[in-house]
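Peer 1: Got a structure for you, written out below as structure tokens; questions coming shortly.
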Amino acid sequence: TCVPVFLVARELYGKKAGVVAALVFAFLALPISTSVFSSGTEYALAAFLVAFMSLFLVKMVKAMDAEGESRKSVYVNAVLAGVFLALAALTWNGFRILLVLLIVAMVAQLLVDRFKGRDVTTALVAYSVAMLVGVVVAALYYVPAGLWDAVFSGPLLITVVAIVFGFLFKAVQSKPWVVTIPALVVVFIVFLAVMYFAVPDLFTAFVS
């Protein structure tokens, strides 16, 4: 895992930062105590996969901002991030936090692009691809295994809702943001209220 940690930090801040980050990770207590040389939980493998997922997400975002960079590079890195997200999800049933972090990053990216007057399409599609690849591949295990209620319904629902609202945001990007953003917040609150009364089990899975 020190290798992908090095690569992530190098992408962000340069080679020296990469070396420092790898050294810091090498001496962290949790990765050491959960490795196969100690208690041997799934954490060590999950951390390895999440680090690679992070690497391709960083490359994806950098490709969005690079002048003259093709959209193909953005989407290839999005797919690769999604593959490692799927592998992490199949390793660790607490993977929902990874989707939450991706959604937070997507929302931040869309808001920044909107305020800068840039088209949000590339960022929206890239994050959506990464999340969908992750949940669709993971669904091939979690649903047949009978873990829909226990593990999978919440992550799938937050992913679908985030993508739907992302495309709603894109549909109204030409409108004044002082109207569209508060309107979407109100729609989201109404959606939660309807779900609370209509499908309380899914509401609980969504918010918890």
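Peer 1: Would you confirm, using the coordinates I've provided, whether residue 59 is modelled with pLDDT of 95 or more, in a helix (DSSP H, G or I), under 22 Å from residue 106 (Cα atoms) and of a type in the set (Lys, Arg)?
Peer 2: yes
Peer 1: Scan segment 145-170 for residues that are closer than 21 Å to residue 112 by Cα, among the β-branched types (Val, Ile, Thr) and free of Cβ contacts under 8 Å to residues at least 60 places away in the same chain and jot them down. Break it down into steps so the answer makes sense when it comes.
Peer 2: So in segment 145-170, the residues closer than 21 Å to residue 112 by Cα come out as 159, 161-170.
When the remaining residues are screened for being among the β-branched types (Val, Ile, Thr), the result is 159, 161, 163-164.
Of everything in segment 145-170, those that are closer than 21 Å to residue 112 by Cα, among the β-branched types (Val, Ile, Thr) and free of Cβ contacts under 8 Å to residues at least 60 places away in the same chain turn out to be 161, 163, 164.
Peer 1: Is segment 85-106 home to any residue that is in contact with an Asp or Glu (Cβ under 8 Å, 6 or more places away or on another chain) and among the aromatic types (Phe, Trp, Tyr)?
Peer 2: yes
Peer 1: Something else about it: Out of the residues in segment 131-183 that are more than 19 Å from the chain's Cα centre (by Cα) and among the polar types (S, T, N, Q), state the one that is nearest to residue 106 (Cα to Cα).
Peer 2: 173
Peer 1: So, one more: Name every residue in segment 88-106 that is of a type in the set (A, V, I, L, M), more than 16 Å from residue 60 (Cβ to Cβ) and open to solvent by 70 Å² or more (accessible area, probe 1.4 Å), in order of residue number.
Peer 2: 90, 97
Peer 1: Could you tell me which of the residues 157, 140, 168 is within 18 Å of residue 88 (Cβ to Cβ) and of a type in the set (A, V, I, L, M, F, W, C)?
Peer 2: 140
Peer 1: So residue 128 ticks every box in (1) open to solvent by less than 80 Å² (accessible area, probe 1.4 Å); (2) more than 21 Å from residue 54 (Cα to Cα); (3) modelled with pLDDT of 95 or more but one. Which box is left unticked?
Peer 2: (2)
Peer 1: Let me ask something additional. Confirm whether residue 121 is hydroxyl-bearing (Ser, Thr, Tyr) and surrounded by fewer than 19 Cβ atoms within 10 Å (Cβ to Cβ).
Peer 2: Values: hydroxyl-bearing (Ser, Thr, Tyr): yes; surrounded by fewer than 19 Cβ atoms within 10 Å (Cβ to Cβ): yes.
The answer is yes for residue 121.
Peer 1: Looking at 163, 158, which is the one that is open to solvent by less than 80 Å² (accessible area, probe 1.4 Å) and out of contact with any Leu (no Cβ under 7 Å at 6 or more places or on another chain)?
Peer 2: It is 163.
Peer 1: Let me ask something else about it. I'm trying to understand the selection: among the residues of segment 171-198, which are more than 17 Å from residue 117 (Cβ to Cβ) and open to solvent by less than 60 Å² (accessible area, probe 1.4 Å)?
Peer 2: 183, 184, 192, 193, 195
The values are calculated or read from the model by the stated rules, or taken from the named source; none is laboratory data. What you are looking at is a predicted structure, and each value in this text was computed from that prediction instead of being measured. A quick note on method: Cβ atoms are made from the backbone with ideal geometry, for glycine too, and the neighbour counts reach across all protein chains shown. SASA here: full protein model, heavy atoms, side chains in, ligands and nucleic acids out. Shrake-Rupley method; radii C 1.70, N 1.55, O 1.52, S 1.80 Å.
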